[in-house]
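Asker: First, the structure itself, so that you have it in front of you.
The values are calculated or read from the model by the stated rules, or taken from the named source; none is laboratory data. Remember, predicted model here, so these are calculated numbers, not experimental data. So basically every Cβ, Gly included, is an ideal-geometry build from the backbone, and we count neighbours across all protein chains shown. Accessible surface is based on the protein model in full, side chains and every heavy atom, while ligands, DNA and RNA are left aside. Shrake-Rupley method; radii C 1.70, N 1.55, O 1.52, S 1.80 Å.
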Amino acid sequence: MRYFRLLVLGNGISAYGSYLNMVALNVFVYDATGSALAAGLFMAVRLATSVVSGWVSGRLVSAYDRKRLMVGADLCQAVALLTLLLAPDGMRVGLLYALAVVTGGCSTLSQVALRSSIPEIVGAEHRVRANGLLVTGRSLAMIAGFASSGVVVAQVGYSAAFALDAATFLVSATVLFLLPVRTKAAAAGSGTADASGAARWTARLLLGTAPVLMAMIAIRAVDGLGSSSHNVALPIYSSGLDPDHPATFISQFWATWAIGNIVAQQVIGRLTKKSGRTPGERAFALGACVMSAGFIVVFCGLPTVPAVIAALVAGAADGFTEIVYVSRLQSAPDDQRGRLFGLSASAENTGFGLGMLVSGALLETFSPLQVVAAFHGLAIALCLALLLLLVGRAGKREPAVEEMAAPDASTVTEGRG
């Protein structure tokens, strides 16, 4: 953990840049083209690239030095933003879609590489605490990025916003480059790896876990659907609460959600340190149920205080499940871990992108509560199914242990006689 806090700081700075340019670029596309379709296409290209990048990133982080990949990803995003900044006005619209590809691909690659590297950087026994720090840093970066994007664009303009975005990625790349951390197990080596062997291992892992790990990844994909639904529904719901000040409830929601994430990091860190055990699949399923239920309650038309409490609970459960899930995938061997995180990234981004399209269409007909309840209700159903599967597996193991113990006891008795 010696250098990890500096890495968290650098990652938080680049995450701030990601959230800032997510808003600034979307607004810029709309202002430059005057077309909502063009803005939607920009987001679609970025999400599609993220989905494809998940598969590619899994192979890259298994075969090459992860630290170099993360530094390269940050530098590529910085160069792409500076290219857009320096390009003539007439060329900027065309460059935006190339930028969508670069940012979508590089952000996913950086995330997969970092998550795969955590056990090697801090040690497997500290990975839960490290994941909690990363979740906290990214939560704060998200709030800061979303909150400041409107002010930055309004006060200093798009060019300054793009320059600030590029600077955050340059800072992150510099911090990563200077930190003396190892991101890959010594036995895994560097350079090219047996990609086909890693792919076969991933298939064996997913089948051999009967199918708990596959269910967890599927739940994360459906969580992406739920996340997209409340993201799309939140502005509509907030406008209905206060048409004159629609941003008020949105700000309260995300600020409270971030506080919940920080609380989760503190709680899970203390529990893990005290018990010496990492929460497992059951904790993940229960946390995901609480998270989805909390998001549904937020849209039930409650007074401000109960709604904020629900957002706090949802944020805490969201942070908890994120930490537990990532820590679970990190328990895989180092040379095979990247494939799992690549698959997970593709599943999560697919769920989120599909949810953006479907929830947007459904909100034309149904209320925010109905849409959010439908998507998050599906996640709750899958979590309950996973819990039943886990309980059933545990029940089958117990009789097996008793049956194996009985012959041993009789053998011992007969021997003494």
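Asker: Would you point out which residue out of ARG59, ARG66 is over 24 Å from TRP254 (Cβ atoms) and open to solvent by less than 20 Å² (accessible area, probe 1.4 Å)?
Answerer: ARG66
Asker: Could you look through segment 270-292, keep only residues that are of a type in the set (Gly, Ala, Ser) and within 19 Å of the chain's Cα centre (by Cα), and pick out the one that is surrounded by the fewest Cβ atoms within 10 Å (Cβ to Cβ)?
Answerer: Once the filter is applied, the top-ranked residue is GLY280.
Asker: Quick one: count up the residues across segment 18-44 that are open to solvent by less than 40 Å² (accessible area, probe 1.4 Å) and of a type in the set (A, V, I, L, M).
Answerer: Residues meeting the conditions: 6.
Asker: Of the residues that make up segment 53-63, is at least one among the aromatic types (Phe, Trp, Tyr), in a helix (DSSP H, G or I) and touching a residue at least 24 places away in the same chain (Cβ under 8 Å)?
Answerer: Yes, segment 53-63 contains at least one residue that is among the aromatic types (Phe, Trp, Tyr), in a helix (DSSP H, G or I) and touching a residue at least 24 places away in the same chain (Cβ under 8 Å).
Asker: Could you say which residue among GLY301, GLY315 is closer than 20 Å to ASN231 by Cα and either acidic (Asp, Glu) or surrounded by fewer than 20 Cβ atoms within 10 Å (Cβ to Cβ) (or both)?
Answerer: GLY301
Asker: Still on this structure, I have one more. Are there any pairs with C-beta distances below 6 angstrom linking a residue in segment 243-262 that is more than 16 Å from GLY294 (Cβ to Cβ) to a residue that is assigned to a loop (DSSP other than H, G, I, E, B) and acidic (Asp, Glu), with the two at least 6 apart or on different chains, and if so which?
Answerer: These pairs meet every condition: THR248/ASP242.
Asker: Looking only at residues in segment 233-268 that are among the small types (Gly, Ala, Ser) and open to solvent by 20 Å² or more (accessible area, probe 1.4 Å), which one is modelled with the lowest pLDDT?
Answerer: This residue is ALA247.
Asker: When you go through (1) among the aliphatic types (A, V, I, L, M); (2) at pLDDT 90 or above; (3) under 23 Å from LEU134 (Cβ atoms); (4) surrounded by fewer than 22 Cβ atoms within 10 Å (Cβ to Cβ) one by one for ALA307, which number turns out not to apply?
Answerer: Exception for ALA307: condition (3).
Asker: Right, here's the next one. Would you pick out the residues in segment 133-183 that are modelled with pLDDT under 80 and within 22 Å of the chain's Cα centre (by Cα)?
Answerer: Of everything in segment 133-183, those that are modelled with pLDDT under 80 and within 22 Å of the chain's Cα centre (by Cα) turn out to be PHE146, ALA147, SER149.
Asker: For segment 111-127, check the following and say yes or no: at least one residue is modelled with pLDDT of 90 or more, among the hydroxyl-bearing types (Ser, Thr, Tyr) and either at negative phi or open to solvent by less than 20 Å² (accessible area, probe 1.4 Å) (or both).
Answerer: yes
Asker: Does ARG416 meet the test of being open to solvent by less than 60 Å² (accessible area, probe 1.4 Å), modelled with pLDDT under 90 and not polar (S, T, N, Q)?
Answerer: Criteria not met by ARG416.
Asker: Follow-up. Quick check on my filter: what residues within segment 318-372 are open to solvent by 40 Å² or more (accessible area, probe 1.4 Å) and part of a loop (DSSP other than H, G, I, E, B)?
Answerer: Listed by number, the residues that qualify are SER331, PRO333, GLU364, THR365, PHE366, SER367.
Asker: Say whether the condition of being under 30 Å from ALA316 (Cα atoms) and part of a loop (DSSP other than H, G, I, E, B) is met by at least one residue in segment 127-147.
Answerer: no
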